[in-house]
1. Identify all residues within region 74-88 that are at pLDDT 75 or above and in a helix (DSSP H, G or I); write none if there are none.
2. Just to be sure, is Lys282 under 19 Å from the mean Cα position of the chain (by Cα), in the same structural domain as Gln151 (by TED's automatic domain parsing), surrounded by fewer than 20 Cβ atoms within 10 Å (Cβ to Cβ) and not small (Gly, Ala, Ser)?
3. Out of the residues in region 191-203 meeting the condition of being assigned to a helix (DSSP H, G or I) and under 21 Å from the mean Cα position of the chain (by Cα), tell me which one is farthest from Ala276 (Cα to Cα).
4. So which residues in region 338-382 are of a type in the set (Lys, Arg) and exposed (fewer than 14 other Cβ atoms within 10 Å of the Cβ), if there are any at all?
5. What number of residues within region 45-72 are farther than 19 Å from Thr356 by Cβ and either in contact with an Asp or Glu (Cβ under 6 Å, 6 or more places away or on another chain) or of a type in the set (S, T, N, Q) (or both)?
6. Does region 181-197 hold any residues that are under 22 Å from Asn225 (Cβ atoms) and in contact (Cβ under 8 Å) with a residue 40 or more places away in the chain, and which are they?
7. When you look at Ala275, is it surrounded by 16 or more Cβ atoms within 10 Å (Cβ to Cβ), assigned to a loop (DSSP other than H, G, I, E, B) and out of contact with any strand residue (DSSP E or B) (no Cβ under 9 Å at 6 or more places or on another chain), yes or no?
8. What single numbered condition from (1) at positive phi; (2) modelled with pLDDT of 95 or more; (3) surrounded by fewer than 16 Cβ atoms within 10 Å (Cβ to Cβ) fails to hold for Gly174?
Amino acid sequence: MIRNRVCFDLKKAAVNLLKEADIEINGNRPWDIRINNEDVFERTLRGGTVAFGESYMDGWWDVENLELFFEKVLSAHLDEKIQPLKLLPYYLKFLFSNPQKGHRSYKVGQIHYDIGNDLYTHMLDKRMTYTCAYWDSFQDLPEAKTLDEAQEHKLEMICRKIGLKEGDRVLDIGCGWGSFIRYAAEKHGVECVGISVSKEQVKHGNESRGDLPIEFRYQDYRSLNEPFDHIVSIGMFEHVGIKNYRKYMEVVHRCLKKDGLFLLHTIGSPVSRKAADPWIDKYIFPNSMIPSPVQISKAVEKLFVIEDWHNFGYHYYLTLMKWYENFNRSWPLIKERYDNRFYRMWVFYLLSSAATFSTRINQVWQIVFSKEGVKGGYKSIR
């Protein structure tokens, strides 16, 4: 009797919370939530976002249009209104330790990037570029019509922003499967070194590099100590962690030649945080952390001049929706290696992430740095 009363009260609390986002339980609109297990209310209100994501993975609830559901949840800031004490140890981990240091920096490679090249081959573009694409026209390039075109737009824009010229030696910190270093070598005649904490990415890269003057290394950025004409980091800074931002920038500074440029491409938040969403940390990107402008600017103080800061966060919404379409369409081809819980986890990840960009809660920044300022001024490229 007491448990029934508690469950009723928790369901009532959930109904009231969802009303703030114009979401009805078992309603008829595409964004309304359909409940398959009534225990979901207690599970979520006691366990926060981790429990909410896990309950979706377990099939306890469904939504016809999950991305739109998340847009409404995030716009109403419902995720901030459920912070159970059960999650306190998670936040204390980031407060009192450095989870991105030493051997722990390789964990994200093992958990996320090494799960299977077949998954990423089917989900991503032909170059396997696992970062935000650029869909707008710029300079002599027209508006992108496909994911392949949009990713090449992004790669070319980076090359132009750092002023690549034939013969340059370029470092890519967090090179993924090598889309940038391959592109730069093919199109601009440069020599490239890419480092990654994913064994699968490095293996794939070295086995398929052909005659290109590129090198893939299984290496943490902290051990770098050699000169490069330019340095880029595309979608890796989210794994560095606030306690390591300064060290990261010091490594880039010691490896970048005096007149070189450093381009940082990263997801960013207008709010300074010290931990990621607990569900994302547990299932997708362990020990990840999204930086804020204040955290980045503090990390580069007395090291770099900020030459350019380009925000095109909405493009990541477009990119993620394309990844979701590719993943969903290709699922019958790869599902033998995974299971239905993985499928629901990946859908939850892609569509909840897309909503953070459509609501502009998260941004995408490309920031160009120089050591002593570009003589005559830096010319921005859009």
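The values are calculated or read from the model by the stated rules, or taken from the named source; none is laboratory data. In this text, all values refer to a predicted model and were calculated from it rather than measured experimentally. Quick reminder, even Gly has a Cβ in these numbers, built from the backbone with ideal geometry, and neighbours come from all protein chains shown.
1. Selection gives Leu74, Ser75, Leu78, Asp79, Glu80, Lys81.
2. Numbers: under 19 Å from the mean Cα position of the chain (by Cα): yes; in the same structural domain as Gln151 (by TED's automatic domain parsing): yes; surrounded by fewer than 20 Cβ atoms within 10 Å (Cβ to Cβ): yes; not small (Gly, Ala, Ser): yes.
Yes, satisfied.
3. First pass over region 191-203, keeping only residues assigned to a helix (DSSP H, G or I): 199-203.
From the residues that got through so far, the ones that are under 21 Å from the mean Cα position of the chain (by Cα) too are 199-202.
Working: Lys199: 24, Glu200: 25, Gln201: 24, Val202: 26 Å.
So, considering only residues that are assigned to a helix (DSSP H, G or I) and under 21 Å from the mean Cα position of the chain (by Cα), the one farthest from Ala276 (Cα to Cα) is Val202.
4. So in region 338-382, the residues of a type in the set (Lys, Arg) come out as 341, 344, 360, 371, 375, 379, 382.
Matches in region 338-382: Arg341, Lys375, Lys379, Arg382.
5. Going through region 45-72 one residue at a time, the tally reaches 1.
6. Scanning region 181-197 gives Ser196, Val197.
7. yes
8. The single condition Gly174 does not satisfy is (3).
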